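The values are calculated or read from the model by the stated rules, or taken from the named source; none is laboratory data. Keep in mind that what you see is a predicted model, and the values were worked out from it rather than measured. So basically every Cβ, Gly included, is an ideal-geometry build from the backbone, and we count neighbours across all protein chains shown.
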Amino acid sequence: LVGRMAVLLATLAVTLLNPHVYLDTLVILGSLGSQLAGDERPWFALGCLLASLLWFSALSLGAARFAPVLSRPRVKQGIDLLVGFIMLT
């Protein structure tokens, strides 16, 4: 039970307790969707849902597939350097 509770709390922390969820969903997508005509809004919402499903599925499947490579210290260091360079730029 402790293991399951830890997984559930971690999942909650990176989903519903994540402020980016609300920023992306309510502010950005909401402001874009509000500019569309009424009959276009359901299609926009469906497109957002499908894009999100595709992105997170690909992200999780890719992470699982490449876990052996991504766990190497040199690869982690390379990713950190790349992210640091992007942030500085």
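Structure values in brief
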| item | result |
| --- | --- |
| Check on R41, out of contact with any Cys (no Cβ under 8 Å at 6 or more places or on another chain), of a type in the set (D, E, K, R) and loosely packed, with under 10 Cβ neighbours inside 10 Å | no |
| Residues being surrounded by fewer than 10 Cβ atoms within 10 Å (Cβ to Cβ) and either out of contact with any helix residue (DSSP H, G or I) (no Cβ under 8 Å at 6 or more places or on another chain) or at pLDDT 85 or above (or both) - total across region 8-29 | 3 |
